[in-house]
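**Student:** Okay, handing you the structure first.
The values are calculated or read from the model by the stated rules, or taken from the named source; none is laboratory data. Nothing here was measured: the structure is a model prediction, and the numbers come from that model. For neighbour counting, all protein chains shown are included, and Cβ atoms are generated from backbone atoms with ideal geometry for every residue, glycine included.
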Amino acid sequence: MATQAETAAIGKTYPPLTYAVGREKIREYAVAVGETNPLHLDVDAAREAGHRDVVAPPMFCVVYCGPALGPALFDPELGIDFARLVHGGQRFEWGPLVVAGDEITTTVSVKEVSSRGPLGFFTFESRSVNQDGDTVCVGTWTNIVRGA
Amino acid sequence: MQPGDELPELKVTPDRYLTVRYAGASGDFNPIHIDDDFARQVGLPGKILHGLWMMAQVARAQTEAAGGPHALKRLDVQFRGVGLPEREITVTSTVQEVRDGIAVVHTVAEQDGKAIIRNAEARLEVG
């Protein structure tokens with residue numbers, strides 16, 4: 001069962017955090033996930049294609065969202081037990097591409113807390129906005145905590 | 001892209017140290033991904049792949065098929081089972097429908113014949 005304290009946290013919003021997107025971080029991430037598209041790796045190729053700098057792969061959103069998610073995952077009010085935590089599902093919706101030099105501000109909120117049998121579900125939403133005010137990514141993060 | 005079309009299959013075999021590089025690249029240093037002893041202590045067969053790295057392979061299959069990162073507008077996945085290093089992963093994708101310039105694609109990632117990502121749906125800007 002989700003406790004009253006956990007359920008009361010639905011809608012809770014954590015302080016926004018801004019992540020400065022670096023060229024080498026995009027390259028490091030792109031290599032780690034096996035991207036070969038030069039847009040992610042080669043500044044000249046990215047500029048020839050009309051971008052200011054190298055382009056972040058869509059899933060780079062996990063990098064700029066990461067710092068904003070920490071306070072939610074470690075929120076004592078939710079009390080998520082990491083030893084029993086499983087990443088159950090994930091959804092991202094993307095807006096304009098993110099490129100090196102962007103500053104992305106992400107706000108995380110608690111979308112759902114519930115339980116089904118021995119499983120607890122903690123769903124967070126992240127909304128990431130670039131320096132021009134465009135929403136570049138909305139994430140729905142479903143975490144499952146297995147019962148004792 | 002037409003309903004029923006299969007997108008090109010993506011095959012990838014993460015090497016033994018991939019999870020370490022991905023931990024650094026992503027910032028997720030959960031020891032279940034980088035420490036075999038720790039992973040075994042919590043009942044896993046050994047260090048396991050990051051779910052979000054596996055999701056990135058599903059994403060890559062879509063962007064490579066659709067002509068670039070701009071095309072991927074949405075991706076929704078469920079993680080099932082665990083993915084392990086040094087074993088081939090295959091991502092398969094099938095177009096379900098195309099409407100208003102958006103293709104809805106059902107996609108799955110398998111390793112050793114078991115789905116590690118399933119019920120995944122991508123929306124791709126096409127045409």
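**Student:** Which condition number does B:Gly43 fail, the rest of (1) modelled with pLDDT under 95; (2) among the small types (Gly, Ala, Ser); (3) touching a strand residue (DSSP E or B) at 6+ places or on another chain (Cβ under 8 Å) being met?
**Tutor:** Single failed check for B:Gly43: (3).
**Student:** So is B:Val105 crowded, with 23+ Cβ neighbours inside 10 Å, assigned to a strand (DSSP E or B) and out of contact with any Gly (no Cβ under 8 Å at 6 or more places or on another chain) or not?
**Tutor:** So B:Val105 fits the description; yes.
**Student:** Scan region A:47-73 for residues that are within 13 Å of another protein chain (Cβ to nearest Cβ) and either polar (S, T, N, Q) or not in a helix (DSSP H, G or I) (or both) and jot them down.
**Tutor:** A:Ala49, A:Gly50, A:His51, A:Val54, A:Val55, A:Ala56, A:Pro57
**Student:** Among B:Ala122, B:Ala61, B:Ala39, which is more than 12 Å from chain A (Cβ to nearest Cβ) and either among the aliphatic types (A, V, I, L, M) or part of a strand (DSSP E or B) (or both)?
**Tutor:** That would be B:Ala39, the only listed residue that is more than 12 Å from chain A (Cβ to nearest Cβ) and either among the aliphatic types (A, V, I, L, M) or part of a strand (DSSP E or B) (or both).
**Student:** May I pose another question? Looking only at residues that are assigned to a strand (DSSP E or B), of a type in the set (A, V, I, L, M) and in contact with a Pro (Cβ under 8 Å, 6 or more places away or on another chain) in region B:75-96, which one is farthest from the other protein chains (Cβ to nearest Cβ)?
**Tutor:** Result: B:Val95.
**Student:** Which one of the conditions (1) within 11 Å of chain B (Cβ to nearest Cβ); (2) touching a Lys or Arg at 6+ places or on another chain (Cβ under 9 Å); (3) over 30 Å from B:Ala39 (Cα atoms); (4) surrounded by fewer than 22 Cβ atoms within 10 Å (Cβ to Cβ) does A:Pro38 fail to meet, given that it meets all the rest?
**Tutor:** Only one criterion is unmet by A:Pro38, namely (2).
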